[in-house]
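What follows is a set of notes on a single structure, which appears directly below.
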Amino acid sequence: MPRLGQAADWRPTETVRLIVPAAAGGSTDVMGRLLAQHLQAAWGQSAIVENRSGAGGTIGTAEVARQKGDGHTVLIGNPGPNAIAYSIFRNLTYKADQLQPVSNMIRIPNIVSAHPSVPIKSITELIAYIKANPDKLTYGSSGTGQSPHLTGAWFLQLTGLKMVHVPFRGAGPALQAALGGEIQILFDNLYPSLPQVQDGKLNALAVTTPERSASAPEIPTMRESAPELAKFDVSSWFGVFLPKSAPAPIVDALNKEVKAMLERDDIKKNIAAMGARADYGTPQQFSDFVQAETVKFAAIIEKEGLQMEVK
């Protein structure tokens with residue numbers, strides 16, 4: 001109770017900078033701007049979003065890791081720089097213990113889809129097709145080491161199958177290649193693939209979260225598609241971090257406002273429109289989640305033998 005009381009009293013004394021380690025327009029940016037608007041209204045202090053994209057999100061993340069934990073610099077994080085990067089980059093300039101998880105905000109499923117030119121409309125059919133036609137399918141993603149790529153890699157590891165990975169420079173080019181039949185299978189975030197599925201341009205095989213998506217409840221999950229995928233759980237998540245030195249009152253005050261934002265009706269509508277679900281947690285719950293994500297992706301990356309340089 002004393003800790004909660006302290007949290008209620010803390011307020012920023014200058015402009016709050018929300019660092020988005022990605023370009024404008026994506027989900028990380030959208031959630032950063034929603035939170036900035038909420039914090040500005042709640043705290044009566046300016047809150048601005050600064051996009052610091054590049055190097056898989058590690059440039060902006062490293063900037064926050066170097067800041068003072070006075071509550072005036074906030075990171076909007078995602079799996080790339082906050083779980084995957086620790087295992088895949090040889091020359092990463094920050095460590096996990098330099099950042100303090102505050103709360104997750106949303107989770108969005110990844111989706112597996114197939115071009116209509118191949119007779120595959122389910123994960124079961126995909127597995128059977130690969131077994132009967134080895135080396136005939138290629139799968140695309142938004143880039144090597146990104147969440148969709150590692151989703152595909154984990155699927156192949158668990159099933160003992162092989163497909164050739166074709167990385168693209170972003171989700172847009174990967175989707176266009178799938179629509180054009182240049183690749184047969186696409187691992188992608190739920191959006192922008194879902195509208196193409198709904199238009200009949202791609203066949204949805206599964207979503208990658210344990211539960212079906214409210215945006216497309218007819219699409220089964222990976223878990224229910226095959227016994228070897230019973231523990232499959234991959235999503236794109238977007239949460240809030242502070243520099244490690246931030247004291248408990250600041251962490252709790254920010255956590256409280258994330259919770260309040262996610263409970264607003266207008267924010268719920270925005271989240272639903274993204275195909276996402278709210279995923280608030282306490283600082284400890286979010287910390288445990290991020291650690292579990294880091295361990296999961298580290299195992300996938302090690303088995304794939306993936307190592308990259310931050311450029």
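Think of the chain as having a plus end and a minus end, set by charges on the Cβ of Lys, Arg, Asp and Glu; of Leu126, Val49, Ala62, Ala62 sits farthest toward the positive end of this dipole. Remark: the chain carries a charge dipole of roughly 220 debye about the Cα centre, counting +1 on each Lys and Arg Cβ and -1 on each Asp and Glu Cβ. A P(r) calculated from all alpha carbon pairs of the chain, with 20 Å bins opening at zero, reads 34, 55, 11, 0 percent.
Think of each Lys and Arg Cβ as +1 and each Asp and Glu Cβ as -1; about the Cα centre, that makes the dipole of the stretch 231-311 roughly 100 debye. Can you tell me the orientation of helix 27-43 relative to the chain, as the angle in degrees between its alpha-carbon axis and the longest Cα principal axis, to the nearest 10? Orientation of helix 27-43: about 20 degrees from the principal axis. Largest GNM mean-square fluctuation across Gly170, Gly25, Gly145, computed for the chain with C-alpha springs under 10 Å, falls on Gly25. Between Arg11 and Leu161, the simple label model (points 7 Å from Cα in the Cβ direction) yields a spacing of 5.8 nm.
You can think of it this way: the chain between Ala24 and Gln307 has 99.1 nm of extra reach, that is 0.36 nm per residue less the Cα-Cα gap.
Ligands, DNA and RNA are left out, and with a 1.4 angstrom probe the accessible area of the stretch 203-311 is 46 Å² per residue.
When every Cα-Cα distance of the stretch 127-252 is counted in 10 angstrom steps from zero, the calculated P(r) takes the values 12, 39, 32, 10, 6, 1 percent. Taking 0.36 nm per residue of separation and subtracting the current Cα-Cα distance, fully stretching the chain between Asn270 and Lys131 would add 45.9 nm. Answer with one residue from Asn78, Gln146, Met163: the one whose Cα lies farthest towards the positive end of the charge dipole of the stretch 61-170, charges on Cβ with Lys, Arg +1 and Asp, Glu -1. Highest projection toward the positive end goes to Met163. Taking the protein heavy atoms of the chain in the context of the full set of protein chains, the accessible area attributed to carbon and sulfur is 52 percent at 1.4 Å. Binning the C-alpha pair distances of the stretch 59-111 at 10 Å intervals from 0 yields a P(r) profile of 21, 53, 24, 3 %, listed from the shortest bin outward. Projected over every direction and averaged, the convex hull enclosing the alpha-carbon atoms of the stretch 190-311 yields 10.7 nm². For the stretch 109-123, putting each phi into the Karplus relation 6.51 cos²θ - 1.76 cosθ + 1.60 with θ = phi - 60° gives couplings of x, 8, 9, 10, 9, 10, 5, x, 6, 9, x, 9, 10, 7, 5 Hz, in residue order, rounded to whole numbers and with x for Gly and Pro. Extension gain for the segment Glu228 to Glu182, taken as residue separation times 0.36 nm less the Cα-Cα distance, is 13.7 nm to one decimal. Average accessible surface for the stretch 36-79: 37 Å² per residue, computed with a 1.4 Å probe over protein heavy atoms with every protein chain in place.
Between Thr282 and Ala41, the modelled label-to-label distance comes to 2.8 nm, taking each label 7 Å out from Cα in the direction of the beta carbon. This model, with +1 at the C-beta of Lys and Arg and -1 at the C-beta of Asp and Glu, gives the stretch 112-252 a dipole about its Cα centre of some 260 debye.
The values are calculated or read from the model by the stated rules, or taken from the named source; none is laboratory data. Note that this is a predicted model, so its numbers are computed, not measured. Glycine gets a Cβ as well: all are built from the backbone with ideal geometry, and neighbour counts include every protein chain shown. To get the accessible areas, we keep the full protein, side chains included, count just its heavy atoms, and leave off ligands, DNA and RNA. Shrake-Rupley method; radii C 1.70, N 1.55, O 1.52, S 1.80 Å.
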